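Participant: Starting off with a structure, shown below.
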């Protein structure tokens, strides 16, 4: 998927996202934010979109959100203003492949239902690992390709339509597990039907 396709797709989806894909991904978003709230601290949400998660973060967090789509970000900014979300410190337009933050900057980096829609997800994961503090966590919710069954066949069938539908239906979890500084600490299916996966990666501490 190329960046122009992402931009076009999400400009098209922005007006209806909350009631379509947003509704489908609510369970994953809730699990991720509940986990992050137990940790608190400085949080980066990569692919914040229309800001569906923002009102659910606790006051002990300081949340920065980024997204490539200005149309999505405007809806997120409207939510922050309407709901007076003082824990949201910044919302910025940014390419997740080149994060404009220093190394070891955030206690937690969240990526909710975004890694299968970005170009070069391996490069995005490198950037996520870079800006996460040693001992910090990377919290991911996403759909991953099944190895077998009818749904696996359907996922592969729709794969060539990635640029049109706005996400990779055949996205493999191994794509995210190549960073040496990140290790899997938790992995489990999410309701309904285990379509989405909740994943926590820990960044190794500096010796």
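Participant: Could you please let me know if residue 51 is touching a residue at least 24 places away in the same chain (Cβ under 8 Å) and assigned to a strand (DSSP E or B)?
Facilitator: On the way: touching a residue at least 24 places away in the same chain (Cβ under 8 Å): yes; assigned to a strand (DSSP E or B): no.
Considered against the rule, which asks whether it is touching a residue at least 24 places away in the same chain (Cβ under 8 Å) and assigned to a strand (DSSP E or B), residue 51 comes out as no.
Participant: If residue 76 passes every condition in (1) in a helix (DSSP H, G or I); (2) in contact with a strand residue (DSSP E or B) (Cβ under 9 Å, 6 or more places away or on another chain); (3) within 17 Å of residue 184 (Cα to Cα) but one, which one does it miss?
Facilitator: Unmet condition: (3).
Participant: If only one of 46, 63 is closer than 16 Å to residue 117 by Cβ and at pLDDT 95 or above, which one is it?
Facilitator: After applying the criteria, what remains is 46.
The values are calculated or read from the model by the stated rules, or taken from the named source; none is laboratory data. Computed from a predicted model, the values in this text were never measured in an experiment. Neighbour counts run over all protein chains shown; Cβ positions are idealised from the backbone, glycine included.
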